[in-house]
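The structure appears below as structure tokens.
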Amino acid sequence: MGYIVDLNCDMGESFGDYTLGRDNEVIRYITSSNIACGFHASDPNVMERTVRLCREHHVMAGAHPGYPDLMGFGRRTMDVSEGDLVNYVIYQVGALKGLLDLHGMSLQHIKMHGALYNNLVNDEKTYLRIVESAVKAFGDVVFLTLGTRKTAELKEACREKGIRVALEGFPDRMYTDEGELLSRRYKEAVLKDPETIAKRAIRMVKEKGIESINGRWITMGLDTMCIHGDNMESIEAARKIREYSRNEDVTIKPLCEFV
């Protein structure tokens, strides 16, 4: 029957006169985009341009909310109450939803950013409250989270409630023995070689797992893979993933078509 997976990228991370990322290049290879919503990066004009870019290339759009941390790019943990987090997420997704509506596009998914993403992997209670609130506000959207044994169980529990969760893997990031992303504080955390990234991506899909930085096998079922489009190596890796997938019985398509 083959394998099916989505390929996503964090996008729209520029701000004012500052440009970050190579959105115009990586858009050719992905099926879904995670668009920054103004708290950790982006602004209304950047968001609108990114929405148009996705529409032009037939790429599905998702919201990428984070902590209100422009200076730290959303990678710093903040002491925020559960209620405040819910409001922060709804506020950010709502801003993107307005621009998507303007251009006749739908909101496919929601993926938290940076420290918020990592923290919620280990805080199921808060994650569920955010997810359930977002469903009330925005309807039937897909929620992305890191693919681990724990979140695989969460996915099944959410499915029983009619909530769609997609498990995500990162072929250009190293993993700890516990199956979490190795902190960017370590120089080994982000891989740069396109060939290595592409081969890891195919292996993650077909073998349903990946080796940790210490060689431990991490089992994971994946629905989507994230490529970081802020350097040429990642863009070349995305191209190679596309190339290799054709020879490895792997079909790349947006989440809305199979999750």
So, in region 24-74, how many residues would count as being over 13 Å from GLY12 (Cα atoms), touching a His at 6+ places or on another chain (Cβ under 6 Å) and crowded, with 21+ Cβ neighbours inside 10 Å? 2
From the residues in region 102-117 that are surrounded by fewer than 17 Cβ atoms within 10 Å (Cβ to Cβ) and either under 18 Å from LEU167 (Cβ atoms) or of a type in the set (Gly, Ala, Ser) (or both), which one is farthest from the chain's Cα centre (by Cα)? GLY104
Every residue in region 149-179 that is touching a strand residue (DSSP E or B) at 6+ places or on another chain (Cβ under 8 Å) and closer than 26 Å to LYS240 by Cβ, please. ALA166, LEU167, GLU168, GLY169, PHE170, PRO171, ASP172, ARG173, MET174, TYR175, GLY179
So, in region 203-232, how many residues would count as being more than 19 Å from ASN34 (Cα to Cα) and either of a type outside the set (Lys, Arg) or not in a helix (DSSP H, G or I) (or both)? 17
Filter region 80-101 down to the residues that are charged (D, E, K, R) and surrounded by fewer than 13 Cβ atoms within 10 Å (Cβ to Cβ) and list them by number. GLU82, ASP84, ASP101
Any residue at all in region 54-76 that is free of Cβ contacts under 8 Å to residues at least 12 places away in the same chain, in a loop (DSSP other than H, G, I, E, B) and farther than 29 Å from ILE213 by Cα? yes
Selected residue (only one of THR145, THR151, THR196 is among the hydroxyl-bearing types (Ser, Thr, Tyr) and part of a strand (DSSP E or B)): THR145
I want to confirm something. Restricting to region 1-23 and keeping residues that are free of Cβ contacts under 8 Å to residues at least 24 places away in the same chain and outside any strand (DSSP E or B), which single residue is surrounded by the most Cβ atoms within 10 Å (Cβ to Cβ)? THR19
Scan LEU99, LEU120, LEU181, LEU191 and give me the residue that is touching a Lys or Arg at 6+ places or on another chain (Cβ under 6 Å) and not charged (D, E, K, R). LEU181
Per-region count, region 24-47, residues in a helix (DSSP H, G or I), in contact with a Leu (Cβ under 9 Å, 6 or more places away or on another chain) and not aliphatic (A, V, I, L, M): 2
Pick from SER183, SER212: which is surrounded by fewer than 18 Cβ atoms within 10 Å (Cβ to Cβ), small (Gly, Ala, Ser) and under 26 Å from HIS109 (Cα atoms)? SER183
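Coordinate-derived values only; no laboratory data. Nothing here was measured: the structure is a model prediction, and the numbers come from that model. Please note: Cβ atoms are built from the backbone with ideal geometry, for glycine as well, and neighbour counts cover all protein chains shown.
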